[in-house]
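Have a look at the structure below, then the notes.
Coordinate-derived values only; no laboratory data. These numbers come from a predicted model, not from an experiment. Here the Cβ positions follow ideal geometry from the backbone for every residue, glycine too, while neighbour counts run over all protein chains shown.
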Amino acid sequence: MDLTAITNLAFAGIAVFGAVLGVLAIAAWRRAPSRRMALVAGGFWLIAIQGVVVGVGLFTTGLDAPTLLAISAAFEAALLVVLFVATLVR
Amino acid sequence: MPAEERRGTWAETLLSFVQRYPGVHLREIRRRLSIPIGTLDYHLYRLGKEGLITVRFSGGYKCAYPAVVEEIGGPIPDQDQQLLALLRQSVPRALLLHVYLDGASAPSGLAADLATTPQNLSYFLRRLETVGVILREGTGSERRVRLVDPKRVHTLLLRFPPLPEDVVDRFIRFWSELHP
């Protein structure tokens, strides 16, 4: 399989599964409102947005690889911070 | 996604759900059965009039009970109805299970173990004390919470199963159980 197609599929998958888990987390937050659940929902939406932003950046805007890597790293760093805080709060 | 499948008419589905999970509150019934609120109100009124279901307020919730439980051979006693309404909520259920399994426990440890706030714990301890299930003894660091009648709790927990978990419940449990 072509590497471009695999990358395309991977980012589409990240966006879709991130959004599905984001929706689930929002449903969980509505049922059991807490700071932790809000942070978890935020984390999953970050993943979904990362999938969309990097996917679109790769195939439409023509951004170069280092720029996209930096964007991706920024999203992942933000995600880790959010999940770390979610683990700490009660 | 409804956790319970609808078999037969709304009235039959509602009655069998309430018989299986007595003490369940109306919002939960609506969510689990995906039943429109108007339809739910209508059938609860009708089943109540036919003497098959009773509805009562408990802790701000409108809870439904079967008029007769086969195993008991009559209605659920008043004190047990109040306790069942509490057992349908996650914190008091977890609290009772914890004290039942671990014996007398310190309230401070309970709040941490149940991942809840001291205010929330104190609210449910007060309510459980009111229905005569738990007893708070001692003062200060010697303060302990214990069950008044562990056999009663054991019987109720066995006789009336908890509502089945759906995917959102599992999600909540998974993320709520994370501790640093």
Which length gain, in nm to one decimal place, applies between A:T87 and A:V16 when the Cα-Cα distance is subtracted from 0.36 nm times their residue separation?
-> 23.1 nm
Counting other beta carbons within 10 Å of each Cβ, put B:L97, B:L125 in order, fewest first.
-> B:L97, B:L125
From the square roots a ≥ b ≥ c of the eigenvalues of the alpha-carbon gyration tensor of segment B:1-69, which class results: rounded (a/c under 1.5), prolate (a/b over b/c), or oblate?
-> rounded
Calculated from DSSP H runs of 4 or more alone, at -39500 (n - 2.57) each and per residue, what is the 222 nm mean residue ellipticity of the protein assembly as shown, nearest 500?
-> -20500 deg cm²/dmol
Largest-first principal axis extents of the Cα set of chain A (Å) | 44, 21, 20
Which whole-angstrom value gives the distance between the alpha carbon centres of segment B:55-98 and segment B:127-180?
-> 13
Using modelled backbone amide H atoms (1.01 Å from N, in-plane), which distant-in-sequence or interchain residues come within less than 5 Å of B:I53's amide H?
-> B:G48, B:A67
Run the quick spin-label model on A:T61 and A:A77: label points 7 Å from Cα toward the beta carbon, then report their separation in nm to one decimal.
-> 1.8
Using the beta-carbon distance between A:D2 and A:A70 and R0 = 41 Å, what value does 1/(1 + (r/R0)^6) give for FRET efficiency, to the nearest 0.05?
-> 0.95
Would you mind finding the longest exposed-site-free stretch of chain B, with exposed GluC sites (Glu not before Pro) meaning DSSP loop and at most 14 other Cβ atoms within 10 Å?
-> B:72-164
For segment A:17-27, 3J(HN,Hα) per residue [Karplus equation, 6.51 cos²θ - 1.76 cosθ + 1.60, θ = phi - 60°, Hz, x = Gly/Pro] = 5, x, 5, 4, 5, x, 5, 4, 5, 5, 4
Full extension between B:S141 and B:A115 adds, at 0.36 nm per residue less the Cα distance, a length in nm of 7.4 nm
Top positive-direction residue, dipole computed over segment B:77-180 with Cβ charges, set B:P118, B:P92, B:S141 = B:S141
For segment B:77-180, what is Rg from Cα atoms divided by 2.2 N^0.38 Å, rounded to two decimals?
-> 1.08
Summarise the long-distance tail of P(r) for the protein assembly as shown by giving the % of C-alpha pairs beyond 26 Å.
-> 56
Peptide A:24-30, shielding by other chains (average Cβ, 10 Å cutoff) | 4
Place +1 on the Cβ of every Lys and Arg and -1 on the Cβ of every Asp and Glu in the protein assembly as shown, take the dipole about the Cα centre, and give the residue among A:V85, A:V23, B:G74 whose Cα lies farthest towards its positive end.
-> B:G74
For segment B:107-177, state which chymotrypsin sites (Phe, Trp or Tyr not before Pro) are in a DSSP loop and have at most 16 other beta carbons lying within 10 Å of their beta carbon.
-> none
Here the FRET efficiency for B:V91 versus B:T130, based on Cβ atoms and R0 = 22 Å and rounded to 0.05, is 0.90
Got the relative contact order for segment B:65-162 handy, in percent, Cα pairs under 8 Å and 6 or more residues apart?
-> 26
Global geometry of segment B:98-155, whether rounded, prolate or oblate, following the gyration tensor of its Cα atoms and the 1.5 cut on a/c = rounded
Could you pull out every residue, at least 5 positions away or on a different chain, whose amide H is within less than 5 Å of the one on B:S58? Hs are placed 1.01 Å off N in the peptide plane, and Pro or chain starts have none.
-> B:C63
